[in-house]
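To start, the structure itself, in structure tokens.
The values are calculated or read from the model by the stated rules, or taken from the named source; none is laboratory data. It should be emphasised that the depicted structure is a prediction, and the values quoted were computed from it without experimental measurement. With ideal geometry, Cβ positions are generated from the backbone for all residues, glycine too; neighbour counts draw on all protein chains shown.
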């Protein structure tokens, strides 16, 4: 689910884009997106008396709200489910004065010293600084059963959820570096890993291909695609077909305990891309070691700018950086 919708093409003189709405309020710090990055930024910004206003996006709490168990975030020795953890972070942000509101950015104007953000096509807010924490959306295959089993055997993050499948049988979908990395990571935990590859070759680097093919408990299923996941309350198997899955092709069912998607992520940056520098995939580019973008006063954190780690704890760290960078930026303006 994309949390933030793209805006229309920007005509010459972008300041006229906002003329249909009157400014409803002016804030020091506007945070777009929730999740570990957004909430951590809110905590730090609020404690610095920036009086942050946060708009959560259409999925308050972000991707972690689809995770049943979080065992790798510091401070939770017994683990915690994703929605509860996000609830705790929201309460902490609100405790220090953050205004948390439901809504998403539908248009922005980052020209000039004062930034303008349109929320839900009806509210226009001016901000001295904007922290972007809109995250990235994992790509899924589009199967009905895939949606049904999210958090119950279906995952898009082996590092996050692999531990729950220790000594079990899992499948990974994909043929690139991410899929190869996920498969080899899981091979160190699980009894057996099936790597489902649509083509008859891997797109991964030669080094990653070698690691996959030399792993005794990884079986590559060439020229296969997932047709349907099966199970009652949790995933117990996947039905596969070969190539494009014409009706006359045979299908095969394999028994698995977990199904991991490794076909990429789409950063939720479309609404900002005409102002911000992004890479070829759409990840916002920040100055190394900071959360600063190419536009002064605009800071990016979390999975929106991180395609390497994509963990809750690293997202929280960049959220802290964004709030500190925003505080310093405002201090330099005084």
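Between 290, 236, the distinction of being modelled with pLDDT of 95 or more and over 30 Å from residue 57 (Cα atoms) belongs to 236 only.
Scanning segment 29-42 for any residue that is modelled with pLDDT under 95 and assigned by TED's automatic domain parsing to the domain that holds residue 300 turns up at least one such residue. Taken over segment 28-81, residues that are free of Cβ contacts under 8 Å to residues at least 24 places away in the same chain and either under 26 Å from residue 153 (Cβ atoms) or part of a helix (DSSP H, G or I) (or both) amount to 7.
For residue 162, are the conditions met, namely being under 24 Å from residue 20 (Cβ atoms) and either assigned to a helix (DSSP H, G or I) or in the same structural domain as residue 319 (by TED's automatic domain parsing) (or both)? Talk me through it step by step, then tell me what you get.
Details: under 24 Å from residue 20 (Cβ atoms): no; either assigned to a helix (DSSP H, G or I) or in the same structural domain as residue 319 (by TED's automatic domain parsing) (or both): yes.
Answer is no for this residue.
Of the numbered criteria (1) surrounded by 22 or more Cβ atoms within 10 Å (Cβ to Cβ); (2) over 17 Å from the mean Cα position of the chain (by Cα), the one residue 47 fails is (1). Does segment 288-305 include one or more residues that are more than 22 Å from residue 328 (Cα to Cα), assigned to a loop (DSSP other than H, G, I, E, B) and assigned by TED's automatic domain parsing to the domain that holds residue 319? Within segment 288-305, not a single residue is more than 22 Å from residue 328 (Cα to Cα), assigned to a loop (DSSP other than H, G, I, E, B) and assigned by TED's automatic domain parsing to the domain that holds residue 319. Listed by first and then second residue, the pairs with beta-carbon distance under 8 Å, at least 6 apart or on different chains, first residue in segment 299-311 and surrounded by fewer than 24 Cβ atoms within 10 Å (Cβ to Cβ), second assigned to a loop (DSSP other than H, G, I, E, B), are 306/283; 307/279; 307/281; 307/283; 310/157; 311/72. Number of residues in segment 71-106 that are crowded, with 21+ Cβ neighbours inside 10 Å and closer than 20 Å to residue 148 by Cα equals 1. Among the conditions (1) more than 28 Å from residue 44 (Cβ to Cβ); (2) touching a residue at least 40 places away in the same chain (Cβ under 8 Å); (3) exposed (fewer than 14 other Cβ atoms within 10 Å of the Cβ), the only one that residue 280 does not satisfy is (2). Residue 252 falls short on exactly one of the conditions (1) touching a strand residue (DSSP E or B) at 6+ places or on another chain (Cβ under 6 Å); (2) surrounded by fewer than 14 Cβ atoms within 10 Å (Cβ to Cβ); (3) modelled with pLDDT of 95 or more, and that condition is (3). Kindly indicate whether any position in segment 211-231 is in a helix (DSSP H, G or I) and either in contact with a helix residue (DSSP H, G or I) (Cβ under 9 Å, 6 or more places away or on another chain) or under 20 Å from residue 155 (Cβ atoms) (or both). Yes, some residue in segment 211-231 is in a helix (DSSP H, G or I) and either in contact with a helix residue (DSSP H, G or I) (Cβ under 9 Å, 6 or more places away or on another chain) or under 20 Å from residue 155 (Cβ atoms) (or both). For segment 124-135, indicate whether the set of residues that are under 20 Å from the mean Cα position of the chain (by Cα), surrounded by 18 or more Cβ atoms within 10 Å (Cβ to Cβ) and farther than 24 Å from residue 300 by Cβ is non-empty. No, because not a single residue in segment 124-135 is under 20 Å from the mean Cα position of the chain (by Cα), surrounded by 18 or more Cβ atoms within 10 Å (Cβ to Cβ) and farther than 24 Å from residue 300 by Cβ.
So that you can scan it fast, the table gives a plain yes or no per residue for (1) in the same structural domain as residue 126 (by TED's automatic domain parsing); (2) modelled with pLDDT under 95; (3) within 18 Å of residue 301 (Cα to Cα):
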| position | (1), (2), (3) |
| --- | --- |
| 4 | no, yes, yes |
| 20 | yes, yes, no |
| 23 | yes, yes, no |
| 49 | yes, no, no |
| 62 | yes, yes, yes |
| 67 | yes, yes, no |
